[in-house]
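Q: Can you keep this structure in mind? I'll have questions shortly.
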Amino acid sequence: PGPKDVHTVERGFRGLPTNLNNVETWANVPGIMRRGAAAFAENGTSGSKGTKIFALTGKVRNTGLVEVPMGTQLGKIVDEIGGGESGVAGIKAVQIGGPSGGCLPAELFHLPVDFEAMQDAGAMVGSGGLVVMDTDTCMVDVARYFLDFLIDESCGKCTPCREGTKEMLNILTKITEGKGTEEDLTLLAELAQSIKDSALCGLGNTAPNPVLTTLKYFREEYEAHINEKFCPAGVCTGMYTYEIDAELCPGCGLCI
């Protein structure tokens, strides 16, 4: 199989530039036709023109579709438009760009949301997904969750994506069950980078993003799972055991 990273805006139908894209892109066309390209470029940054629609969801007061100029600070979207945290737990991170996007900590909320800044941080604008997570979220489990989804999306043609993502999932599952080792972290990072560099299409190139960014920004959570057999967020129940004190048990049956 050959690479499938087709850029139709460069060469498409009959060898000419072709706009084969999504509804959001098409929706910009009438405004550009009426007002011109310069008016469209008034919004955004030098490298990322126009506006972008994000599906804002998660632990914020206001959820839904929001449209902002490219280059808007991540924190402004979360705090001003999203209304800030929806519960008592503080906001920890966002997952931006869809399932193969990256997880960025609250310390990076000053970053502008444009193609360049997000790529430099290890994430991407992508499909415009923006999931806000609080301190009750386990970032190791988040990486495992998105990777599990991406495995089903793989076409299976190239070995790095087909086999590599499954092995990454096995390692993440092992860690969330309290069976991980320090060697697993090294292998996980090497495997993720290898898949990113060698997969034949955009899905395989970006599938490791949730793993790489959580390893980069939330490594202490991985280490807690491995060294302390402890999930700081209390999400990974596979490493916990429970006992019932017979003297205190009222016999209510809830534990069943």
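Q: With springs only between Cα atoms under 10 Å, which of ASP120, ASP197, ASP79 fluctuates most in a Gaussian network model of the chain?
A: ASP120
Q: Using a Gaussian network model of the chain whose springs link C-alpha atoms within less than 10 Å, name the residue from VAL132, VAL66, VAL78 with the highest mean-square fluctuation.
A: Among VAL132, VAL66, VAL78, the largest GNM mean-square fluctuation belongs to VAL66.
Q: Any idea what the dipole of region 1-109 comes to, in debye rounded to 20, about its Cα centre with Lys/Arg Cβ at +1 and Asp/Glu Cβ at -1?
A: It comes to approximately 300 debye.
Q: Please identify the helices of the chain, taking whole runs of DSSP H, that span at least 24 Å along their own axis as judged from the Cα atoms and have a mean Kyte-Doolittle score of -1.0 or higher.
A: 159-176, 182-198
Q: Calculate what fraction, in whole %, of the accessible area of region 18-60 sits on carbon and sulfur atoms when a 1.4 Å probe is rolled over the protein chains.
A: Numbers: 1590 of 2720 Å².
Reported share for carbon and sulfur atoms: 59 percent.
Q: Give the residue list of GluC sites (Glu not before Pro) in region 39-104 that are DSSP loop and have at most 14 other beta-carbon atoms within 10 angstrom.
A: GLU42
Q: What are the residues whose amide H is under 5 Å from the amide H of GLY44, where those residues sit 5 or more places off or on another chain and H is modelled from the backbone?
A: Close amide H contacts, sequence-distant or interchain: GLY50, MET70.
Q: At 1.4 Å probe radius, can you tell me the per residue accessible area of region 170-256 in Å²?
A: Result: 57 Å² per residue.
Q: On the accessible surface of region 137-216, probed at 1.4 Å, how many percent belong to carbon and sulfur atoms?
A: Carbon-and-sulfur percentage of accessible area, whole number: 51.
Q: Rolling a 1.4 Å sphere over the protein heavy atoms, what is the accessible area per residue of region 1-139, to the nearest Å²?
A: Heavy-atom accessible area per residue stands at 54 Å².
Q: Taking Cβ-Cβ under 4.7 Å as the only way to count a partner, pick out the unpartnered cysteines of the chain.
A: That list is CYS103, CYS138, CYS155, CYS158, CYS161, CYS201, CYS249, CYS252, CYS255.
Q: Around ASP136, what is the net charge, scoring Lys/Arg as +1 and Asp/Glu as -1 over all other residues with Cβ under 12 Å from its Cβ? Mind dumping the intermediate values first?
A: Working: positive: LYS59, LYS92; negative: GLU85, ASP134, ASP141.
In short, -1.
Q: Which of [x] 17.7; [y] 25.3; [z] 20.9 is the computed mean projected area of the Cα convex hull in nm² for the structure on display?
A: [x]
Q: Could you tell me the relative contact order of region 16-114? Use alpha-carbon pairs under 8 Å, at least six residues apart, and round to a whole percent.
A: 21 percent
Q: Taking the alpha-carbon centroid of each part, what is the distance from region 211-241 to region 140-198 in angstrom?
A: When both Cα centres are located, 15 Å separates them.
Q: Okay, next question. Tell me what the chain gives for mean residue ellipticity at 222 nm when only DSSP H runs of n ≥ 4 count, each as -39,500 (n - 2.57), the sum divided by the residue total, rounded to 500 deg cm²/dmol.
A: -11000 deg cm²/dmol
Q: Could you tell me the calculated FRET efficiency between ALA55 and THR18, based on Cβ-Cβ distance and R0 = 22 angstrom, to the nearest 0.05?
A: Computed FRET efficiency for ALA55 and THR18 comes out at 0.25.
Q: Subtracting the Cα-Cα distance from 0.36 nm times the residue separation, let me have the gained length for TYR240 to THR159 in nm, one decimal.
A: Computed gain between TYR240 and THR159 is 25.6 nm.
Q: Ok, one more. Over the C-alpha atoms of region 128-246, what are the Rg and the largest Cα-to-Cα span, Dmax, in Å?
A: Cα radius of gyration and Dmax of region 128-246 are 15.0, 58 Å respectively.
Q: If packing is taken as the average number of other Cβ atoms within 10 Å across a peptide's residues, how do 205-214, 170-179 rank, most packed first?
A: Answer by packing, highest mean first, reads 205-214, 170-179.
Q: Determine the sum of side-chain charges near SER100: Lys and Arg each +1, Asp and Glu each -1, restricted to other residues whose C-beta is under 13 angstrom from that of SER100.
A: Net local charge, SER100 excluded: -2.
Q: Can you spot the lysines whose alpha carbon is less than 16 Å from LYS216's alpha carbon? Ignore those fewer than 8 places along the same chain.
A: LYS92, LYS196
The values are calculated or read from the model by the stated rules, or taken from the named source; none is laboratory data. The shown structure was predicted, so the numbers you read here are calculated from the model rather than taken from an experiment. Neighbour counts are summed over all protein chains in view; Cβ atoms, including those assigned to glycine, are modelled from backbone coordinates with ideal geometry. When the accessible area is computed, the model is the full protein with side chains, heavy atoms only, and any ligands, DNA or RNA have been set aside. Shrake-Rupley method; radii C 1.70, N 1.55, O 1.52, S 1.80 Å.
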